[in-house]
1. Which loop trypsin sites (Lys or Arg not before Pro) in region 173-211, with loop taken from DSSP, have no more than 16 other Cβ atoms within 10 angstrom of their Cβ?
2. Going by how many other beta carbons lie within 10 Å of each one, how would you line up 251, 129, fewest first?
3. Calculate the all-directions average of the projected area of region 166-234's alpha-carbon convex hull, and give it in nm².
4. Please give, to one decimal in nm, the separation of the simple spin-label points placed at residue 224 and residue 201, each 7 Å out from Cα toward the Cβ.
5. Under the rule a/c < 1.5 gives rounded, and otherwise a/b versus b/c splits prolate from oblate, where does region 43-145 land using the Cα gyration tensor?
6. Measure off 7 Å from each Cα along the Cα-to-Cβ vector at residue 80 and residue 135, then give the distance between these two points in nanometres to one decimal.
7. When DSSP beta bridges are limited to those with both residues in region 184-252, what percentage is antiparallel, rounded to the nearest 5?
8. With a ≥ b ≥ c the root eigenvalues of the C-alpha gyration tensor of region 100-141, is it rounded (a/c under 1.5), prolate (a/b larger than b/c) or oblate?
Amino acid sequence: MWLSNIGFTRVDSFKAFELSKFKGLKTGIRITKLKSENMKTLKLSESVYQFHIYIAPINLSFNTYLIVDKETFLIQTGDRMQTQMLLPVIKEVLGEQPLDYVFISHFESDECGGYKILEQQYPNLRPLCSEVTARQLRGFGISDNAIIQSPDSTFQSNNLDFKFIPYPVQMHNWMGLILFDKTHSILFSSDVYLQRGEVKDNMVISDLQSQLEALNNDPFLSSELKIGLQKSFSELPISIIAPGHGACIKCL
């Protein structure tokens, strides 16, 4: 099985959602208040959690991931509304343990919009991101203590062991990053492998070669970027692809 609908029609409806929230524009989309009980939790491994919410008016799901070990690591915050819903779930999982880091793939509301909410609860929290994302976080008054990661760099701390893959993000072509967790062999792919619609099964089965070929169908990736990502992904021992939107993909 391979996923053929990655990325299609994302920009118009998703950006309409962002504009309707942040600029008060009338788009004909009504966003209902999200509640924590609407969020689904899936354990990808003993120490890796996925938190999943589906927003019907825009027909798109959002995933946030949490790694719990000697140190704790969140992959993207969700926007402010999603983070407010997510926070009690994170507190329940972590208990007395603090949240240490958050990975921000690129500067977008669903990637880092809720950072300040988390920082209020966990004042020692630090973001990991690219240099351009760090400048944006600082310029918008979100954070000035980012740990900057360059393309193809690694980050190791206690049991955390990550590799960062360059990802020039669509629309503005800002340099973003994709995260590979070496410990759990999970590729946190951000908007790559995005799937629209409501998720019926949070984990689907495929193989890596099919998923490499599926990148050719993504209309938001340039030919050069597709080739670069295919090469980078093919060199990694990926067992699970964990996208920011849609079902996770177990690669057999």
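1. Numbers: sites: 182, 196, 200; in loops: 182, 196, 200.
Those satisfying the criteria are 182, 200.
2. Details: 251 19, 129 26.
Going from sparsest to densest Cβ surroundings: 251, 129.
3. Values: hull surface 21.2 nm².
One quarter of the hull surface, i.e. the mean projection, equals 5.3 nm².
4. Using points 7 Å along Cα→Cβ, the separation is 3.9 nm.
5. Numbers: a/c = 1.63, a/b = 1.09, b/c = 1.49.
Verdict is oblate for region 43-145.
6. 2.6 nm
7. Values: 2 of 10 bridges.
So the antiparallel bridges amount to about 20 percent of the total.
8. Details: a/c = 1.63, a/b = 1.51, b/c = 1.08.
Prolate shape, in that a/c is at least 1.5 and a/b is the bigger ratio.
Bear in mind these aren't lab numbers, they're just calculated from the coordinates by the rules spelled out. Remember, predicted model here, so these are calculated numbers, not experimental data. Don't worry about glycine lacking a Cβ; one is built from the backbone with ideal geometry, like all the others, and counts go over all protein chains shown.
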